[in-house]
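What follows is a set of notes on a single structure, which appears directly below.
The values are calculated or read from the model by the stated rules, or taken from the named source; none is laboratory data. Computed from a prediction, not measured in an experiment: that's the story for all the values here. Cβ atoms come from the backbone with ideal geometry, glycine included; neighbour counts cover every protein chain shown. Note: areas computed on protein heavy atoms with side chains; ligands, DNA, RNA excluded. Shrake-Rupley method; radii C 1.70, N 1.55, O 1.52, S 1.80 Å.
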Amino acid sequence: RAMVEWCVDRLAMECGDSASVQKRDLEKRLEEAASGGVTLPIFPPGEKVTIDITDDDFLGSGRRLEAFHREATRLGLGRYFEFNAITRIPSLLRGPEQSGQRGVRLDLIKMLTEINFREINIGLDGLCDSVLAQNRKGYTLAEAIDVNNALRKANLCPVYNVIWTTPYTTREEIMESMILYHLLPFRYHMLQQTYILGDLGTPFTNEDVVRR
């Protein structure tokens with residue numbers, strides 16, 4: 001709800017509305033416009049404000065996105081904003097407890113497109129299965145490819161921050177990762193080459209590198 005209120009506040013600034021009663025009136029006008037399929041003339045035609053959601057837990061359980069989707073749809077926020085989000089591959093995978101089998105959460109991706117999300121910044125913990133296993137993230141390269149393809153099919157732009165080596169990555173694994181980087185249907189805007197890891201849940205730390 002806090003993010004929805006911020007969006008309404010941002011639109012109120014454009015309208016010159018500052019008092020809370022005026023913002024409540026704007027919210028009512030937004031809801032009426034959305035229900036009628038109309039866009040209020042707050043910005044010039046075709047212009048929207050971009051909001052980056054930097055909380056990587058936003059898509060973690062799906063409940064927060066569902067709540068935001070409900071309110072954003074009610075107010076038609078996608079008519080005035082475009083959103084980018086940070087997430088992890090497992091957040092876009094459905095676990096056995098949700099459907100009886102693993103798979104891409106197409107329901108979440110559908111909600112993202114419906115409220116005008118544009119770019120999904122994803123942490124990818126390896127470009128080969130052996131490096132993914134070393135990083136202990138609980139998903140396979142095939143599942144990462146499935147997520148990537150589902151996002152692209154929905155006209156969302158995936159951006160990857162990649163861990164493609166660890167202190168113990170072999171030459172063969174590096175070559176496999178480099179080949180994969182050039183051949184797979186990923187759209188990399190940024191490639192993060194991380195050699196030193198200190199993340200919880202991994203066996204690698206800066207000390208490992210110093211000893212080596």
**OP:** Please work out the FRET efficiency for the pair residue 82 and residue 181, using the Cβ-Cβ distance as r and a Förster radius of 30 Å; give the result to the nearest 0.05.
**Re:** 0.60
**OP:** Report, by chain and number, residues whose modeled amide H sits under 5 Å from the one on residue 103, excluding near sequence neighbours (fewer than 5 apart, same chain).
**Re:** 94
**OP:** Quote the relative contact order of the range 72-160 in percent (integer), defining contacts as alpha-carbon pairs under 8 Å separated by 6+ residues.
**Re:** 33 percent
Original post:
Can you put 23, 48 in order of accessible area, largest first, using a 1.4 Å probe?
Top reply: 48, 23
**OP:** Could you tell me what percent of the DSSP beta bridges with both partners in the range 48-126 are antiparallel, to the nearest 5?
**Re:** 15 percent
Original post:
By DSSP, what percent of the beta bridges with both residues in the range 46-187 are antiparallel, rounded to the nearest 5?
Top reply: 10 percent
Subject >> Rounded FRET efficiency, nearest 0.05, which uses the C-beta distance separating residue 47 from residue 15 and R0 of 25 Å >> reply: 0.95
Original post:
What is the local net charge at residue 132, summed over the other residues whose Cβ is closer than 11 Å to its Cβ (Lys, Arg +1; Asp, Glu -1)?
Top reply: -2
**OP:** Report the extension gain between residue 31 and residue 56 in nm, rounded to one decimal, defined as 0.36 nm multiplied by the number of residues separating them, less their alpha carbon distance.
**Re:** 6.1 nm
**OP:** Give the cross-link partners of residue 153 among the aspartates and glutamates, using a straight C-alpha distance below 20 Å as the criterion and excluding same-chain residues fewer than 8 apart.
**Re:** 82, 107, 114, 119, 143
